[in-house]
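Undergrad: Questions regarding the structure given below will be posed in turn.
The values are calculated or read from the model by the stated rules, or taken from the named source; none is laboratory data. Remember, it's a predicted structure, so these values are computed and weren't measured experimentally. Counting neighbours? That spans all protein chains shown, and the Cβs are built from the backbone with ideal geometry, glycine included.
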């Protein structure tokens, strides 16, 4: 699932980034440990600015980076649309289940030896995609892990379902497909983003913000569907280690968001390199 960070960079980060570094940020996502009422956005920005000014002594830089930190760490709401307005569905997978042939997905950028099993989280994502299509019968573009369940569980055929399959290397290994890669394939198969109309994005709830942003970067008018909640469950047996629990995944996702922002800001500041 361009301006997204490379799969290799993201995975190498996972091996070294301590989850504890994000602890002050994760409370903003909601959870059992959040007891007090949240402060307002303006109060939060003021506190962050004061702390960073004390640390950096550079008000101009602080003013430039606080919006990015606020968005990446403290903003997890999703744009939504009614199902009736949807013209297509794009579903992004989350994790997988390793099998004897596949093993776990590499966290350092290597290809996988064989195709893993889709796993329970992707079944939940297939359920969400199906419920949306029950409300509005439109074309579904689904990453293969989700598509497998849409076929086996709901009997979807090629006329309504386009499965985005993994890339197979010349040696038979499985090439990791990024969120941006999935978005690009969906747009290409649809004949362009405009042909898709308003796109309903299906993704794990903690992945959905980035799925929507990536879809928008690919040209789609993308949002979540208001009537259908997205899955929140994590699979502790996932073959993708960074998707086994929430605190670890959110560190990964915030890193990916921040790296995208860094690349974008650099290109805007120095368009000629």
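Undergrad: Would you confirm, using the coordinates I've provided, whether residue 103 is in contact with a helix residue (DSSP H, G or I) (Cβ under 6 Å, 6 or more places away or on another chain), modelled with pLDDT under 90 and on the phi > 0 side of the Ramachandran plot?
TA: Values: in contact with a helix residue (DSSP H, G or I) (Cβ under 6 Å, 6 or more places away or on another chain): no; modelled with pLDDT under 90: yes; on the phi > 0 side of the Ramachandran plot: yes.
No: the conditions fail for residue 103.
Undergrad: Out of the residues in the range 175-197 meeting the condition of being surrounded by fewer than 20 Cβ atoms within 10 Å (Cβ to Cβ) and more than 20 Å from the chain's Cα centre (by Cα), tell me which one is nearest to residue 240 (Cα to Cα).
TA: Filtering the range 175-197 for residues that are surrounded by fewer than 20 Cβ atoms within 10 Å (Cβ to Cβ) and more than 20 Å from the chain's Cα centre (by Cα), the one nearest to residue 240 (Cα to Cα) comes out as 189.
Undergrad: Among the residues that make up the range 84-91, is at least one of them surrounded by 12 or more Cβ atoms within 10 Å (Cβ to Cβ), at pLDDT 95 or above and either at positive phi or not in a strand (DSSP E or B) (or both)?
TA: Taking every residue of the range 84-91 in turn, at least one turns out to be surrounded by 12 or more Cβ atoms within 10 Å (Cβ to Cβ), at pLDDT 95 or above and either at positive phi or not in a strand (DSSP E or B) (or both).
Undergrad: Given the conditions (1) at positive phi; (2) in contact with a helix residue (DSSP H, G or I) (Cβ under 8 Å, 6 or more places away or on another chain), and given that residue 273 satisfies all but one, which numbered condition is not satisfied?
TA: (2)
Undergrad: Let me ask you something else. Looking only at the range 221-257, how many residues end up being assigned to a loop (DSSP other than H, G, I, E, B), within 19 Å of residue 91 (Cβ to Cβ), within 15 Å of the chain's Cα centre (by Cα) and modelled with pLDDT of 95 or more?
TA: The qualifying residues number 5.
Undergrad: Here's another thing I want to ask about it. Can you find a residue that is assigned to a helix (DSSP H, G or I) and either within 25 Å of residue 84 (Cβ to Cβ) or at pLDDT below 95 (or both) anywhere in the range 198-210?
TA: The answer is yes; a qualifying residue exists.
Undergrad: Kindly evaluate residue 67 against the criterion of being modelled with pLDDT of 95 or more, touching a helix residue (DSSP H, G or I) at 6+ places or on another chain (Cβ under 7 Å) and either within 30 Å of residue 40 (Cβ to Cβ) or surrounded by 22 or more Cβ atoms within 10 Å (Cβ to Cβ) (or both).
TA: No; evaluated as a whole, the condition is false for this residue.
Undergrad: Let me ask another. Please specify each residue of the range 158-176 satisfying the condition of being assigned to a loop (DSSP other than H, G, I, E, B) and in contact with a helix residue (DSSP H, G or I) (Cβ under 8 Å, 6 or more places away or on another chain).
TA: Hits for the range 158-176 are 160, 165, 166, 176.
Undergrad: I would also like to ask the following. Please specify each residue of the range 228-245 satisfying the condition of being surrounded by fewer than 18 Cβ atoms within 10 Å (Cβ to Cβ) and in contact with a helix residue (DSSP H, G or I) (Cβ under 9 Å, 6 or more places away or on another chain).
TA: 229, 232, 233, 237, 245
Undergrad: Hey, another quick one. What are the pairs with Cβ atoms under 7 angstrom where one residue, in the range 32-44, is at negative phi and at pLDDT 55 or above and the other, located anywhere, is surrounded by fewer than 10 Cβ atoms within 10 Å (Cβ to Cβ) and outside any loop (DSSP other than H, G, I, E, B)? Sequence gap at least six, or different chains.
TA: From residues that are at negative phi and at pLDDT 55 or above, there are no pairs.
Undergrad: Turning to a different aspect of this structure: Kindly provide the set of residues from the range 128-146 that are in contact with a helix residue (DSSP H, G or I) (Cβ under 8 Å, 6 or more places away or on another chain), assigned to a helix (DSSP H, G or I) and over 18 Å from residue 180 (Cα atoms), ordered by number.
TA: Once the filter is applied, which keeps residues that are in contact with a helix residue (DSSP H, G or I) (Cβ under 8 Å, 6 or more places away or on another chain), assigned to a helix (DSSP H, G or I) and over 18 Å from residue 180 (Cα atoms), the range 128-146 yields 129, 130, 132, 135.
Undergrad: Moving on to the next point. Does residue 214 satisfy the condition of being outside any loop (DSSP other than H, G, I, E, B) and in contact with a strand residue (DSSP E or B) (Cβ under 9 Å, 6 or more places away or on another chain)?
TA: In short, yes.
Undergrad: OK, next. Can you find a residue in the range 132-144 that is over 22 Å from residue 196 (Cβ atoms) and within 21 Å of the chain's Cα centre (by Cα)?
TA: No, the range 132-144 contains no residue that is over 22 Å from residue 196 (Cβ atoms) and within 21 Å of the chain's Cα centre (by Cα).
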